Amino acid sequence: MQNRVYFFDTTLRDGEQSPGATMNLQEKLCLANQLEKLGIDVLEAGFPATSPGDFEAVKTIAEQMDSMQIAGLCRCLEADIDRCWEAIRHAKNPRIHTVLATSPLHMKHKLRKRSEDVLKMIEVGVKHCSAYTDNVEFSAEDASRSDRDFLCRAAETAIRAGARIINIPDTVGYAQPEEFGALIAYVIANTANSDKAIFSVHCHNDLGLGVANTLAALAAGARQAEVTLSGIGERAGNAALEEVVMALTVRKDYFGLTHAIATEQLYPSCRMLALTIGRPIPDNKAIVGANAFAHESGIHQDGMLKHRETYEIMTPQSVGRKQSSLVIGKHSGRNAVRNKFENMGYKLDDAQINVVFEAVKQLADRKKVLHDDDLTALVQEAIHRIPDRYRLRHVSVQSSDCGGVPPTAAVIMDVDGEEKSGAGFGVGPVDALFNVIADMLGQTPELEQYAVTAITGGTDALGEVTVRLRENEFTAMGRGAHPDILVASAKAYVNAMNRLAKKY
Ligand SMILES: [Zn+2]
């Protein structure tokens, strides 16, 4: 059995199903570029049949990526498969990923089909895929709650019809590691022609076992892992890419498996995702959290100083957590800035470089040295905003203690190309600011979430604000970065208003 593990990333598909993690096309392209740099083997770009927006995103990514295989998800139905192929066909190496449920529960209540009919659907559907490409993956949805022998028959049918990858998902996050490993071994041993396919797993984290189940499956013979950055995804999420990769890397002695991931790109990738969806990485998150390499206790610090390996099983550098040696500041030229962003995974055209370069200079006037994190925030802010109906021009906010005038905000902004101004009060300065803007736009969305993070240390740090607004069934995330957190708040609020306006 070969020892190479293939990484299949579904951050843009399953990950995007995570509430509040909707991304626009620019953002998806940027992440896709970063994932290619990270060394992902297969990128699942989306589910083309769900909406025209999804279709366009998958198509554009398929056309623009170089080396990665690009997968599109589709149900095991001809119309879905056709739509999927239409979106991915121009990729260098497209993969059709087709899915059908095999558990009694799903077959009876969701599909309303007998098991024999399900096998027939697999045969017909996979053959339809194979007519387009020989790169076909079949997923048996809810595999972990399927009958073992029926699962083998489903896999057999799919392989006979032309599938080269058989995915066994723990769709509902129900499996236990030993049990799941045993299931994978059983299916591989009892499926005819199993040597003609690569077995894959896709584990959800409902019981916090996504990574453990994935590793158990790899130890049992699976050779493709379906994962997402930071483990984002439907409900409690998926197996976290960075955790599976580092377990295989740090414990190569145990697993004896290899992969093609550039581990030093793990942190930059997770960081880019966090900024894109406006959700900070939790401090205690393994591998990429702020505290993952922080040694607090005196005994540990003492040990670390004497010999790093006393308390450190991997270096921060190995997962890409280092300060870059190339420092960007006030005197950096356009080329240095371009170079820097390219190293960070952002391919920018000339017009975008001009915008970013201006923003770098403005920020460098306020802050001596710009860290990588400042620059990531800045490029997200400068480039990836969707075309705006509303643009903030000036903000002035007055704080106050309880006695006299309440906190006051004045705002000047462009609304559909026309300059407007407004002023008003609030319980606090942020409240005042949001009231004024909402008033000026004649809307009253509900503020569901408001979070401030200092991107880098020090009182001159760039503050990053994310807000989530709700209007009826629609929610939108907005973010803004600025050394003044009130200005950052206003930017984030206007950004979210723009998204609400676009129903994006
Ligand atoms: Zn999933």
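The values are calculated or read from the model by the stated rules, or taken from the named source; none is laboratory data. These numbers come from a predicted model, not from an experiment. As a convention, Cβ positions derive from the backbone with ideal geometry for all residues, glycine included, and neighbour counts pool all protein chains shown. For the accessible areas, the whole protein counts, side chains as well, though only heavy atoms, and no ligand, DNA or RNA atoms are used. Shrake-Rupley method; radii C 1.70, N 1.55, O 1.52, S 1.80 Å.
Things to note:
- Scanning segment 54-74 for residues that are open to solvent by 40 Å² or more (accessible area, probe 1.4 Å) and out of contact with any helix residue (DSSP H, G or I) (no Cβ under 8 Å at 6 or more places or on another chain) returns a single hit, 63.
- Pick from segment 153-202, criterion among the acidic types (Asp, Glu) and under 22 Å from residue 96 (Cα atoms), ranking: nearest to the ligand (Cβ to nearest atom): 170
- Residue in segment 4-11 that is over 24 Å from residue 80 (Cβ atoms), more than 16 Å from the ligand (Cβ to nearest atom) and among the β-branched types (Val, Ile, Thr) present: yes
- Matching option when the condition is open to solvent by 10 Å² or more (accessible area, probe 1.4 Å), within 15 Å of the ligand (Cβ to nearest atom), in contact with a strand residue (DSSP E or B) (Cβ under 9 Å, 6 or more places away or on another chain) and not hydroxyl-bearing (Ser, Thr, Tyr), among 36, 16, 44: 16
- Count - residues of segment 19-33 that are more than 15 Å from the ligand (Cβ to nearest atom) and in contact with a Gly (Cβ under 7 Å, 6 or more places away or on another chain): 1
- Hey, residue 294 at pLDDT below 95 and open to solvent by less than 70 Å² (accessible area, probe 1.4 Å) or not: yes
- Among the residues listed as 236, 212, 247, 217, the single one being within 16 Å of the ligand (Cβ to nearest atom) and assigned to a helix (DSSP H, G or I): 217
- Residue satisfying condition, being within 16 Å of the ligand (Cβ to nearest atom), among the hydroxyl-bearing types (Ser, Thr, Tyr) and closer than 15 Å to residue 9 by Cβ, within set 269, 230: 230
- Test: residue 127 is free of Cβ contacts under 8 Å to residues at least 12 places away in the same chain and either open to solvent by 20 Å² or more (accessible area, probe 1.4 Å) or within 16 Å of the ligand (Cβ to nearest atom) (or both): no
- Output for segment 339-352, where each listed residue is surrounded by 19 or more Cβ atoms within 10 Å (Cβ to Cβ) and out of contact with any Cys (no Cβ under 7 Å at 6 or more places or on another chain): 340, 341, 345, 348
- Only listed residue being open to solvent by less than 50 Å² (accessible area, probe 1.4 Å) and either outside the structural domain of residue 193 (by TED's automatic domain parsing) or farther than 22 Å from residue 184 by Cβ (or both), chosen from 100, 119, 111: 111
Conditions tested, residue by residue: (1) crowded, with 16+ Cβ neighbours inside 10 Å; (2) not polar (S, T, N, Q).
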{"site": "400", "(1), (2)": "no, no"}
{"site": "407", "(1), (2)": "yes, yes"}
{"site": "436", "(1), (2)": "yes, yes"}
{"site": "439", "(1), (2)": "no, yes"}
{"site": "460", "(1), (2)": "no, yes"}
{"site": "463", "(1), (2)": "yes, yes"}
